[in-house]
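Have a look at the structure below, then the notes.
The values are calculated or read from the model by the stated rules, or taken from the named source; none is laboratory data. Since we're looking at a predicted model, the values are computed, not measured. FYI the Cβ positions are ideal-geometry reconstructions off the backbone, even for glycines, and counts take in every protein chain you see.
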Amino acid sequence: MTVSRFHVAGMDCSAEEQLVRMALADVAAVERVDVDLDGRQVMVEHATATADIDAALQSLGLGAEHVDDDGTEIGPAADSRRERNSLIVALVINAGFFVGELTVGLISRSMGLIADALDMGADASVYALSLAAVGTAAARKKRLARMSGYLQVGLATVGLIEVLRRFLVETELPDPTSMIVLSALALAGNIATLVILHRVRSGEAHLQASWIFTANDIKVNGLVIAAAIGVAVTDSAIPDLVAGAVIFAVVANGARRILTISR
């Protein structure tokens, strides 16, 4: 049995960790996967060629780089029941904020909030796929992933078209107060998700500052807050539209990774 270590530079959040795990679950003879999200390291215990592991990680476009191989065994696995329960909690948090942000985004006319809602919904779908992957036939899992990926691509495309329309046609200003309040709550929800999933692996609730400040989800929340401030200062909807366009592009890229797994 060989243990291969990879550095995955673009693995910035818990949802991307789950994508990595799902991609490796499809590789034959992979026994164990251990992820250090803080250090962006992936340890894979396997009885197949390292090139197969590398190819699966490279397909996600997260900047994976093979570091070394050795015979060291990975430490004890996390409690599977606790891990499953934590994924359920993460799914509920993200799905709840998807509904909340989408509702307030539509009412307040904020494309940034609507895009952020879709980002939370995309993460919820990843956690749902991770749960579905347990004890599920590979064909069914891939079918579910494909449906989720196409849905996200479709919604992101519609969102980008609406952003373009609002750029060309004068519309009402979004409500910056609603944008800040909901984004701050979503930020708290993302941090709670990180704490919960990290605690399963380490038994602690401690989070390194580097992890918090490099998580993609938290960057997205910060972008919406910055856009709200921009709307208030400039009395223009352009900051909100720019934030929406950027986040819709992030969601579309995440959907591409899901579709990669489904293939």
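Cβ-Cβ distance below 8 Å, separation of 6 or more or different chains: which pairs start in the range 1-28 with a residue that is in a loop (DSSP other than H, G, I, E, B) and end on one that is surrounded by fewer than 16 Cβ atoms within 10 Å (Cβ to Cβ) and at pLDDT below 80?
The qualifying pairs are M1/G71; M1/E73; D26/A138.
Could you check the range 222-239 and list, in sequence order, the residues that are within 30 Å of R146 (Cα to Cα) and crowded, with 24+ Cβ neighbours inside 10 Å?
Matches in the range 222-239: V224 only.
Any residue at all in the range 38-55 that's part of a helix (DSSP H, G or I) and either assigned by TED's automatic domain parsing to the domain that holds G244 or buried (at least 22 other Cβ atoms within 10 Å of the Cβ) (or both)?
Restricting attention to the range 38-55, the residues satisfying the condition of being part of a helix (DSSP H, G or I) are 50-55.
The next check asks that each one be either assigned by TED's automatic domain parsing to the domain that holds G244 or buried (at least 22 other Cβ atoms within 10 Å of the Cβ) (or both); those that pass are 53.
Yes, the range 38-55 contains at least one residue that is part of a helix (DSSP H, G or I) and either assigned by TED's automatic domain parsing to the domain that holds G244 or buried (at least 22 other Cβ atoms within 10 Å of the Cβ) (or both).
Quick one: what pairs do we get from the range 100-114, first residue hydroxyl-bearing (S, T, Y), second surrounded by fewer than 24 Cβ atoms within 10 Å (Cβ to Cβ) and modelled with pLDDT of 90 or more, C-beta under 8 Å, 6+ apart or different chains?
Hits for this filter: S108/D175; S108/S178; S110/V104; S110/D175; S110/S178.
Okay, residues lined up against (1) hydroxyl-bearing (S, T, Y); (2) at pLDDT 90 or above; (3) in contact with a Gly (Cβ under 9 Å, 6 or more places away or on another chain); (4) closer than 17 Å to A117 by Cα:
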{"site": "G189", "(1), (2), (3), (4)": "no, no, yes, yes"}
{"site": "R201", "(1), (2), (3), (4)": "no, no, no, no"}
{"site": "F213", "(1), (2), (3), (4)": "no, no, no, no"}
{"site": "L223", "(1), (2), (3), (4)": "no, yes, yes, yes"}
{"site": "A228", "(1), (2), (3), (4)": "no, yes, yes, yes"}
{"site": "T234", "(1), (2), (3), (4)": "yes, yes, no, no"}
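What do you reckon, is D123 of a type in the set (D, E), in a helix (DSSP H, G or I) and at pLDDT below 90?
Considered against the rule, which asks whether it is of a type in the set (D, E), in a helix (DSSP H, G or I) and at pLDDT below 90, D123 comes out as yes.
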